[in-house]
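Below you'll find the structure, written out as structure tokens, and then a few comments.
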Amino acid sequence: MNQRPTGYVVGLIGTGVGPSLTPALHMAEGRAHGLDYVYRTLDLDALNVAPTRVGEILDWARTLGYNAVNVTHPCKQIVLPHLDRIDPVAAAIGAVNTVLFTADGLVGHNTDTTGFASGFVEGLPDAALDHVVLVGAGGAGTAVADALLRLGAGHLTVVDVDIDKATALVAGLAQRHPLAHIDASSFDKLSVLLPAADGVVHATPMGMAEHPGIAFDPALLHPHLWVADIVYRPLDTALLQAARAAGCRTLDGGHMAVYQAVDAFALITGITPDAARMSRHFRRLVANPS
Ligand code: NAD
């Protein structure tokens with residue numbers, strides 16, 4: 001019988017990852033399962049290594065006995081050619097945030113998209129998905145869009161200040177979800193789209209501590225619209241405050257952030273973590289990061 005390892009070494013590769021909450025989240029959950037679980041940031045800025053050398057970092061990590069790494073900005077796509085196998089969901093999206101070092105080689109997964117889906121189901125159960133508007137067609141928006149379509153969104157409209165990004169995302173989505181009704185729309189059409197939509201997911205940096213504000217006019221919010229924000233620093237964004245004031249059901253970005261870690265932990269260890277415990281820990285960390 002195969003014995004599960006009791007010791008794990010995991011890394012987070014990306015630029016500016018020093019303040020990430022993910023290491024603390026994984027290590028506390030590992031300890032709770034009696035594991036010797038070490039999770040360290042591998043900050044490319046601090047290491048003075050160009051992101052294009054991500055393949056070398058993977059080689060080193062494997063050589064040094066790492067079990068897995070999370071991969072974040074700006075490496076989620078440039079890591080792909082260095083992998084031996086990519087999970088179909090991650091391959092479809094064309095981005096990976098978790099790499100397992102297995103006996104059969106390097107295997108990539110995308111727990112941003114599975115994490116958004118799980119967090120959505122938990123936090124907004126029974127939310128209507130007939131027409132959903134996604135604001136923000138960047139890396140995170142792509143993971144969210146795929147998750148919404150896997151959850152059964154009937155009609156997905158993608159909006160971005162950069163219409164070319166919205167159009168490109170829709171073209172990719174249409175290829176992998178040929179039966180879905182997906183379209184791109186210009187930002188100024190939100191005044192027509194939101195009054196008729198069931199829900200909106202916000203996936204731009206607006207609302208983060210360093211980008212304060214709301215990406216679109218909050219006067220467009222109405223009580224029949226659910227509002228999901230994926231920004232999680234802070235958790236209670238200006239958008240969510242406006243949405244509650246307008247009578248909307250809301251979902252904060254902590255759900256996606258926690259479930260991407262829940263899913264990564266499960267992939268790395270084979271152990272189902274306690275998602276509620278990780279969520280409580282995450283919310284304490286966001287409130288008091290030091
Ligand atoms: P990105 O830079 O790849 O994409 C952001 C997109 O938003 C771009 O396409 C940009 O054109 C668009 N945009 C910017 N301002 C806009 C506006 N006012 N209106 C409409 N579109 C606008 O960034 P990303 O990696 O996709 O991340 C976006 C945000 O998502 C991050 O800032 C972070 O807060 C959040 N995020 C959360 C999680 C989570 O787990 N909860 C995970 C990843 C990212």
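Put simply, of Phe282, Phe265 the only residue that is in the same structural domain as Phe101 (by TED's automatic domain parsing), away from the ligand (no atom under 12 Å from the Cβ) and crowded, with 22+ Cβ neighbours inside 10 Å is Phe265.
Assess whether Leu169 counts as being assigned by TED's automatic domain parsing to the domain that holds Pro234 and open to solvent by 50 Å² or more (accessible area, probe 1.4 Å).
Working: assigned by TED's automatic domain parsing to the domain that holds Pro234: yes; open to solvent by 50 Å² or more (accessible area, probe 1.4 Å): no.
So Leu169 fails the test.
Residues in the range 231-240 include none that are within 21 Å of the chain's Cα centre (by Cα), among the small types (Gly, Ala, Ser) and closer than 19 Å to Thr157 by Cβ. Restricted to the range 151-197, and to residues there that are in contact with a helix residue (DSSP H, G or I) (Cβ under 6 Å, 6 or more places away or on another chain) and in contact (Cβ under 8 Å) with a residue 60 or more places away in the chain, the residue that is farthest from the ligand (Cβ to nearest atom) is Arg176.
Annotation: of all residues in the range 236-245 being out of contact with any Ser or Thr (no Cβ under 6 Å at 6 or more places or on another chain) and open to solvent by less than 30 Å² (accessible area, probe 1.4 Å), the one that is nearest to His202 (Cα to Cα) is Leu239. Of the residues in the range 222-231, none is more than 9 Å from the ligand (Cβ to nearest atom) and free of Cβ contacts under 8 Å to residues at least 12 places away in the same chain. Filtering the range 198-214 to residues that are under 21 Å from Thr167 (Cα atoms) and either in contact with a helix residue (DSSP H, G or I) (Cβ under 7 Å, 6 or more places away or on another chain) or more than 9 Å from the ligand (Cβ to nearest atom) (or both) leaves Gly199, Val200, Val201, His202, Ala203.
Is it the case that the range 248-257 has a residue that's among the aliphatic types (A, V, I, L, M), touching an Asp or Glu at 6+ places or on another chain (Cβ under 9 Å) and either within 16 Å of the ligand (Cβ to nearest atom) or closer than 26 Å to Gly154 by Cβ (or both)? Give the derivation first.
First, pick out the residues of the range 248-257 that are among the aliphatic types (A, V, I, L, M): 251, 256-257.
With the extra rule that they be touching an Asp or Glu at 6+ places or on another chain (Cβ under 9 Å), the set shrinks to 251, 256.
Keeping just the survivors that are either within 16 Å of the ligand (Cβ to nearest atom) or closer than 26 Å to Gly154 by Cβ (or both) gives 251, 256.
The answer is yes; a qualifying residue exists.
Looking only at the range 239-248, decide whether some residue is touching a residue at least 40 places away in the same chain (Cβ under 8 Å) and over 17 Å from Pro23 (Cβ atoms). Looking for residues that are touching a residue at least 40 places away in the same chain (Cβ under 8 Å) and over 17 Å from Pro23 (Cβ atoms), one finds none in the range 239-248, hence no.
With the requirement that a residue be within 20 Å of the chain's Cα centre (by Cα), among the small types (Gly, Ala, Ser) and under 21 Å from Cys75 (Cα atoms), what does the range 16-54 give you? Selection gives Gly16, Gly18, Ser20.
Given the structure, is Ser191 polar (S, T, N, Q) and crowded, with 16+ Cβ neighbours inside 10 Å? It would help to see each step written out before you state the result.
Working: polar (S, T, N, Q): yes; crowded, with 16+ Cβ neighbours inside 10 Å: no.
Considered against the rule, which asks whether it is polar (S, T, N, Q) and crowded, with 16+ Cβ neighbours inside 10 Å, Ser191 comes out as no.
The values are calculated or read from the model by the stated rules, or taken from the named source; none is laboratory data. Keep in mind that this is a model prediction, so the values were computed, not measured. Note that we place each Cβ from the backbone using ideal geometry, even for glycine, and neighbour counts take in every protein chain shown. What goes into the accessible areas is simple: the full protein's heavy atoms, side chains included, and nothing from ligands, DNA or RNA. Shrake-Rupley method; radii C 1.70, N 1.55, O 1.52, S 1.80 Å.
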